[in-house]
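Take a look at the structure set out below.
Here, each number is a calculation from the coordinates, and none is a lab measurement. Since the structure is predicted, the reported quantities are computational estimates derived from the model, not experimental observations. FYI the Cβ positions are ideal-geometry reconstructions off the backbone, even for glycines, and counts take in every protein chain you see.
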Amino acid sequence: MQIATSLLPIFLIIALGGILARCGFLSPEMRGHLNKAAYWIGMPALLFRAVATARITGDRPLLIAGALLAGTGTAMIVAYLGAALLRLPRSSIGTFVQASFRGNLAFLAFPLSIFVFSQPGAPASAAEMTPIVALAIAPVMIVYAVAAVVVLIVGHPDLARGGKRALIRQVLVNPHILAIGAGLLATSFSLRLPEPLLISLKLLGGLAIPAALLGIGASIATARLGPNLTPAVVSAGIKIIVTPLTVFALTRFMPMSSVDAGVAVVLAAAPTAAVSFVMATQLQGDPELASSAILLSTLGSIVSLGLALNTIV
């Protein structure tokens, strides 16, 4: 596949978001509304429609999720070892570990996967792969949410109650997880959704990807690196180098097609999720470290995602 054809349009929109933010067109308030529209409306519509209209047989989503979760577990172990070697303060360890394993699946890896399979000459169609990828990321997002709260409150017993509230918000009120769950119910009962509703969902889902990418670009353009870059560099390296390499190695021994294995590697190569900063702030972690890791991993993902796309054959 032509990597530039798949990757360049994504990062051009991200770059446009950065330019619009720097010139003042995308103000902080406007960015907030744009991100909310993508998070609460566009992406749930896209995910629900993809899953509700899917007719998937076999264990393809589970295998992709399994490979990604194995890579996530490896990243967590390496991150804790890295934190010990760097002698990070207790308040920074949870943030460091979270930034090392929690990838930006919904707003970057998922859109990129969809876009790849919509290109001429792709080894599979977007209609076939979209629900498979959506179902694969659902359990991973739940694990991300639970693990993030756990690593952030370890060593902070006084935050246990706040951690439980954060966990509920992350899982039970997550619109993406709820949309996938609703879609699973619809497809399990073979519900035929009215055509006008499907068209409306398609139109709403169409705003998700460009809005999310513009928001990512705006966030990068206005982000600031913290004073201590070493932990952020190491964390970003674990996320966009160690994790995808681990998943790539694992998929060689799993009963997966080359297409599904490539998707797993692309998902693993995603940069640190922006919500890592929010969680670090809410649970008294290290927001500066989280912000720096997000910025560095997103910039580095231009390379990691480019290499990962090369595995989809």
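Between Val247, Val133, Val303, the GNM of the chain built on Cα springs shorter than 10 angstrom shows Val303 fluctuating the most. Between the exposed loop cleavage positions of the chain, defined as trypsin sites (Lys or Arg not before Pro) in a non-H, G, I, E, B DSSP state with at most 15 neighbouring beta-carbon atoms within 10 angstrom, the longest gap is 88-191.
If you stretched the chain out fully between Ala126 and Leu203, how much longer would it get, using 0.36 nm times the residue separation minus the C-alpha to C-alpha distance? Let's see the in-between values first.
Values: separation 77, 0.36 × 77 = 27.72 nm, distance 1.62 nm.
My answer for the length gained is 26.1 nm.
Rounded, prolate or oblate: pick one for the range 3-309, where a ≥ b ≥ c are the square roots of the eigenvalues of its C-alpha gyration tensor, a/c under 1.5 means rounded, and failing that, prolate if a/b is larger than b/c, else oblate.
Working: a/c = 1.42, a/b = 1.32, b/c = 1.08.
Rounded, since a/c falls under 1.5.
Span-like helix criteria (full DSSP H runs; alpha carbon extent of at least 27 Å along the helix axis; mean Kyte-Doolittle hydropathy of at least -1.0) are satisfied in the chain by 3-22, 60-86, 126-153, 195-222, 287-309.
Taking amide H as placed 1.01 Å from N in the peptide plane, the amide H of Gly103 sits under 5 Å from that of Ala273, each at least 5 places away or on another chain.
Please give the contour-minus-distance gain from Gln284 to Arg22: 0.36 nm per residue of separation, less the Cα-Cα distance, rounded to one decimal in nm.
Details: separation 262, 0.36 × 262 = 94.32 nm, distance 2.95 nm.
Result for the pair: 91.4 nm of gain on full extension.
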